[in-house]
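In what follows, a structure is listed as structure tokens, so that the remarks can point back to it.
No value in this document is a laboratory result; all are computed from the given coordinates. Because the structure is a prediction, the values reported are computed rather than measured. Glycine also receives a Cβ, built like all others from the backbone with ideal geometry; neighbour counts cover every protein chain displayed.
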Amino acid sequence: MTPAWPEEAPLNSAGRGKLAGKGGGLNLCRECAESWQTVGRPQCRCCGVPLVVPAKGDHRCGDCLQHDRRFGKARSALVYQGAVRRLVHRFKYDHQTWMAGPFAGLLCGVLQELTAVEPVDVLVPVPLHRHRRRQRGFNQADLLARRMKAHLPEAIELVAEALSRPVATAPQAGLGRRLRRRNVTAAFIVKDPARIRSRHILLIDDVYTTGATADACAEALIRAGAAGVNVLTLARVPGGAKR
């Protein structure tokens with residue numbers, strides 16, 4: 001399907017300095033604006049990591065050539081460094097939940113490009129374990145997905161409880177690539193397979209690091225009958241985590 005997208009642009013004409021979106025704007029100081037970086041091209045055709053060999057154009061990165069992905073494509077709006085990293089931390093850990101509105105505007109901009117070639121039927125946020133959610137007070141992926149839904153055509157459904165995380169895994173932050181994959185293996189289950197069966201899923205999360213969480217979620221969704229899974233995150237670590 002080709003959605004009818006909202007007219008407002010998520011970034012100003014300079015591409016930095018002010019975020020505009022439903023729920024307010026983020027006004028950045030000059031120092032923060034200078035470190036603000038959107039994900040550009042070339043990028044990996046699979047995981048979307050920015051590539052450093054412009055002459056080759058878009059191609060699969062070494063990590064995606066080495067590891068099979070359970071999702072089709074992953075795309076991100078911002079590079080997780082500098083001001084972006086600081087703002088994401090404030091959003092998640094300082095209860096600055098109002099940022100979800102401007103962030104959702106950015107995500108919708110990337111989604112518009114993605115859906116030009118990839119169908120989307122359902123938004124599914126990456127879940128938190130109930131203890132982590134109670135401790136934090138909210139699930140940042142769920143909040144982003146709900147704010148996105150306000151911008152999207154009615155035909156794209158939000159199934160907020162599609163996935164659950166019954167296993168209280170250790171935090172992914174600080175873990176290397178292998179430990180991240182081991183940490184989330186079989187950590188997710190699909191609560192109601194009928195809601196996602198034969199449908200094209202867009203998995204929503206805040207940060208993409210190695211893709212371990214995205215792969216584990218996609219594995220659960222595909223086993224439950226999803227037609228395919230793509231991933232959209234607010235930000236991504238430039239080169240992933242160490243092995």
What ³J(HN,Hα) values, in whole Hz, does the Karplus curve 6.51 cos²θ - 1.76 cosθ + 1.60 give for segment 59-75 when θ = phi - 60°, with x put for Gly and Pro? 7, 6, 6, x, 5, 6, 6, 7, 10, 5, 9, 8, 8, x, 9, 10, 9
Nonlocal amide H pairs with residue 78, under 5 Å, H built at 1.01 Å: 39, 235, 236
Relative to the Cα centre, what is the charge dipole magnitude of segment 18-236, using +1 at the beta carbon of each Lys and Arg, -1 at the beta carbon of each Asp and Glu, and rounding to the nearest 20 debye? 580
By its C-alpha gyration tensor, with a ≥ b ≥ c as the square roots of the eigenvalues, how is segment 18-236 shaped: rounded for a/c under 1.5, else prolate for a/b larger than b/c, else oblate? rounded
Length gained when the stretch residue 81-residue 237 is fully extended (0.36 nm per residue, less Cα-Cα span): 55.4 nm
Spin-label pair residue 35/residue 113, simplified geometry with 7 Å Cα→Cβ offset, distance in nm: 2.3
Assuming 0.36 nm per residue, please report the length gained on full extension of the stretch residue 189 to residue 89 beyond their Cα-Cα distance. 33.3 nm
Find the relative contact order for segment 18-236 and round it to a whole percent, using C-alpha pairs within less than 8 Å whose residues are 6+ positions apart. 24
